[in-house]
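Undergrad: Take this structure first; my questions come after.
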Amino acid sequence: MEKRAGMKRKSLKNNRFELKFHDGYKGKETPRSLIIGNREFKIDRVLERKRVLDHQTGEQSEVFICEMEGQRVRLVIHDSGKFEIVYL
């Protein structure tokens, strides 16, 4: 097996995943940035927003289609506080 000089395995010391919002008069309204580890990714603009009801579970979620650093992403924020990120 060949070893490469200078190659090290890196692990995230700070396994933080956080979504920051602009707080308006109704509370957390619009996502502004996504933090993964120690890096923050700015959400440039929100293209679409909708509230979705899962008829099987009764759970509601907010779905945002956003532009983030030149790429489109879909953010699904569940009422439980968990969120999903999908690059489109």
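The values are calculated or read from the model by the stated rules, or taken from the named source; none is laboratory data. These numbers were taken from a predicted model, which means no experiment stands behind them. Every residue, glycine as well, gets a Cβ built from its backbone with ideal geometry; the counts of neighbours run over all protein chains shown.
One line per residue, one yes/no per condition, for (1) among the polar types (S, T, N, Q); (2) under 17 Å from Ser33 (Cα atoms); (3) surrounded by fewer than 14 Cβ atoms within 10 Å (Cβ to Cβ); (4) free of Cβ contacts under 8 Å to residues at least 24 places away in the same chain:
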| residue | (1), (2), (3), (4) |
| --- | --- |
| Asp54 | no, no, yes, yes |
| Gly58 | no, no, yes, yes |
| Glu62 | no, yes, no, yes |
| Ile65 | no, yes, no, yes |
| Gln71 | yes, yes, yes, yes |
| Lys82 | no, yes, yes, yes |
| Tyr87 | no, yes, yes, yes |
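Undergrad: Could you check how many residues of region 1-38 are at pLDDT 70 or above and either of a type in the set (Asp, Glu) or farther than 18 Å from Lys82 by Cα (or both)?
TA: Initial filter on region 1-38 (at pLDDT 70 or above): 16-23, 29-38.
Next, only the ones that are either of a type in the set (Asp, Glu) or farther than 18 Å from Lys82 by Cα (or both) stay: 18, 23, 29, 38.
Counting residues in region 1-38 that are at pLDDT 70 or above and either of a type in the set (Asp, Glu) or farther than 18 Å from Lys82 by Cα (or both) gives 4.
Undergrad: Does Phe41 fit the bill of being modelled with pLDDT of 90 or more, touching a strand residue (DSSP E or B) at 6+ places or on another chain (Cβ under 7 Å), of a type outside the set (D, E, K, R) and not in a loop (DSSP other than H, G, I, E, B)? Before you say what the answer is, go through the steps one by one.
TA: Numbers: modelled with pLDDT of 90 or more: yes; touching a strand residue (DSSP E or B) at 6+ places or on another chain (Cβ under 7 Å): yes; of a type outside the set (D, E, K, R): yes; not in a loop (DSSP other than H, G, I, E, B): yes.
Answer is yes for this residue.
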